Amino acid sequence: MSQQHQRVRSAQLYEEAKQHIVGGVNSPSRSFKAVGGGAPVFMQRGEGAYFWDVDGNKYIDYLAAFGPIITGHAHPHVTKAIVQAATNGTLYGTATEHEIRLAEMLKKAIPSMDKVRFVNSGTEAVMTTIRVARAYTGRNKIIKFAGCYHGHSDLVLVAAGSGPSTLGIPDSAGVPASIASEVITVPFNDLDGLKQALERWGDEVAAVMVEPIVGNFGMVMPHEGYLEGLCKLSRMAGALVIYDEVICAFRFHYGSAQTFSAFPEQDAIRPDLTALGKIIGGGLPIGAYGGRAEVMEKVAPLGPAYQAGTMAGNPASVLAGIACLEVLQTPGVYEQMERQAIRLIDGLQNAADKNGVPITINRIAGAFSTHFCDHPVTNYDEAQDTDGEQFARFFRLMLDQGIYLAPSKYEAWFLTTAHTDADIDETIAAAQSAFAAI
Ligand code: PMP
């Protein structure tokens, strides 16, 4: 087992970073504020399931960059695609054939997407689906679910889950009350709550926005029949259904939550629009949205809803995305990630039990969340009602043994195609001593 890590250079860089970059980080979810504060780790290099920090410490990576790095760092097939893109010039401001090929791959895997548009981030994808739904329905309000994070555009920063919740700001400053008043928040996994909201505001609601499998207050499955009910109630009210699959798509299988075998009634859970990001860019910036042709035809240049992007569909992101999806088409990769996740959570649960630490683990295929509590976690309230201080101590103890987790009790652990049995064994051994110490 590795020694307690020294992170002297990270601490120096953090002091320097704070002088130039707000909070020293370019995304608040990278800060260590919720796990005891101090310097976050500055990484230098990644390969496969590992990365190394600026002090030379090696970590087994379960962050996977908050999801995208599903094939591990610097996968040779993805790297080759990025080099090819760089060699040929990174941006033309014109159409390219590669964009068609990636769009075809997405449509094939996610059949509810008749038409696709590429953007640069999950935030942009979600933001635009809302605009398109408003343009299509002529209505303004949206319904979202408490604790679900959908990026940082104004409308969805109400009761916004993971990042904001971690820092205690679920409702962001700077979002005008007039905008927040267009958002209705209801609890996840509670059809009655949704029904009541739709009864009250139904004819004003443009869309119901949901992560079909939640990834932002831990990993949370919808109850049986929940998505069917959600789609049915939304349709009856004349509202569109938008799935935010920024985390879900290509995470659990080659496809998205809406085509996952856990949901056999796929026609009954088909959304009108879907937002994508993360994995589909193979580690480079990307987002995409798509859906029913009739709805997507509202988008410029065909329709009156405007959305554009200088970098949208850029060759590097698109080629990296295609390469990443090609790796994910390799037979057995998802089964392997799931097998590793099962071994790992068995080990974590045993270690926690042995040391009398109550823990709830929610696993979906090769991803899972650990909640320091003795009750199930099926909605945001239950995810909040967990021991953040215990998580923070666990996080630090794992970090010092070279195991990198997301610095938030709300974020998931992600397996990649690169994690080996030895990595899992090392992680379980580290968890045993971490649970013993807390
Ligand atoms: N939707 C979901 C479900 C997400 O998890 C995230 C990011 N964690 C986003 C949207 C926003 O994506 P991005 O950070 O690429 O803007």
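The values are calculated or read from the model by the stated rules, or taken from the named source; none is laboratory data. Owing to the predicted nature of the structure, the values given are computational and were not obtained by experimental measurement. Note that we place each Cβ from the backbone using ideal geometry, even for glycine, and neighbour counts take in every protein chain shown.
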Residues being of a type in the set (A, V, I, L, M) and either assigned by TED's automatic domain parsing to the domain that holds Phe217 or outside any helix (DSSP H, G or I) (or both): count how many of those fall in region 334-377. 7
Can you spot a residue in region 348-365 that is farther than 22 Å from Pro40 by Cα, touching a Lys or Arg at 6+ places or on another chain (Cβ under 9 Å) and not β-branched (Val, Ile, Thr)? yes
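Residues in region 239-276 that are within 13 Å of the ligand (Cβ to nearest atom) and farther than 25 Å from Leu63 by Cα: how many? Walk me through how you get there before you give the answer.
Restricting attention to region 239-276, the residues satisfying the condition of being within 13 Å of the ligand (Cβ to nearest atom) are 242-249, 251, 256-257, 274-276.
Then keep just the ones that are farther than 25 Å from Leu63 by Cα; that gives 242.
Here the count works out to 1.
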State yes or no: is Thr386 in a strand (DSSP E or B), more than 30 Å from Ala323 (Cα to Cα) and at pLDDT 95 or above? no
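Confirm whether Val41 is more than 20 Å from the chain's Cα centre (by Cα), modelled with pLDDT of 95 or more and in the same structural domain as Ile428 (by TED's automatic domain parsing).
Numbers: more than 20 Å from the chain's Cα centre (by Cα): yes; modelled with pLDDT of 95 or more: yes; in the same structural domain as Ile428 (by TED's automatic domain parsing): yes.
When the stated conditions are applied, Val41 passes them.
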Odd one out for Arg139 among (1) assigned to a loop (DSSP other than H, G, I, E, B); (2) within 25 Å of Phe252 (Cβ to Cβ): (2)
Could you figure out which of (1) within 24 Å of Lys108 (Cα to Cα); (2) surrounded by fewer than 20 Cβ atoms within 10 Å (Cβ to Cβ); (3) touching a helix residue (DSSP H, G or I) at 6+ places or on another chain (Cβ under 8 Å) isn't true of Cys373? (1)
Turns out the helices (runs of 4 or more DSSP H) fully within region 1-110 with at least 3 residues that are surrounded by 14 or more Cβ atoms within 10 Å (Cβ to Cβ), more than 16 Å from the ligand (Cβ to nearest atom) and without any contact (Cβ under 8 Å) to a residue 40 or more places away in the chain are 8-20
Among (1) within 16 Å of the ligand (Cβ to nearest atom); (2) crowded, with 16+ Cβ neighbours inside 10 Å; (3) of a type in the set (S, T, N, Q), which single condition is Ser172 missing? (2)
Would you please name the residue that is nearest to the chain's Cα centre (by Cα), looking only at residues in region 70-126 that are more than 23 Å from Ser153 (Cβ to Cβ) and among the polar types (S, T, N, Q)? Thr71
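Is it the case, given these coordinates, that Ile279 is modelled with pLDDT of 95 or more, more than 16 Å from the ligand (Cβ to nearest atom) and crowded, with 23+ Cβ neighbours inside 10 Å?
On the way: modelled with pLDDT of 95 or more: yes; more than 16 Å from the ligand (Cβ to nearest atom): no; crowded, with 23+ Cβ neighbours inside 10 Å: yes.
No, not satisfied.
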Any chance Lys144 is outside any loop (DSSP other than H, G, I, E, B) and more than 23 Å from the chain's Cα centre (by Cα): no
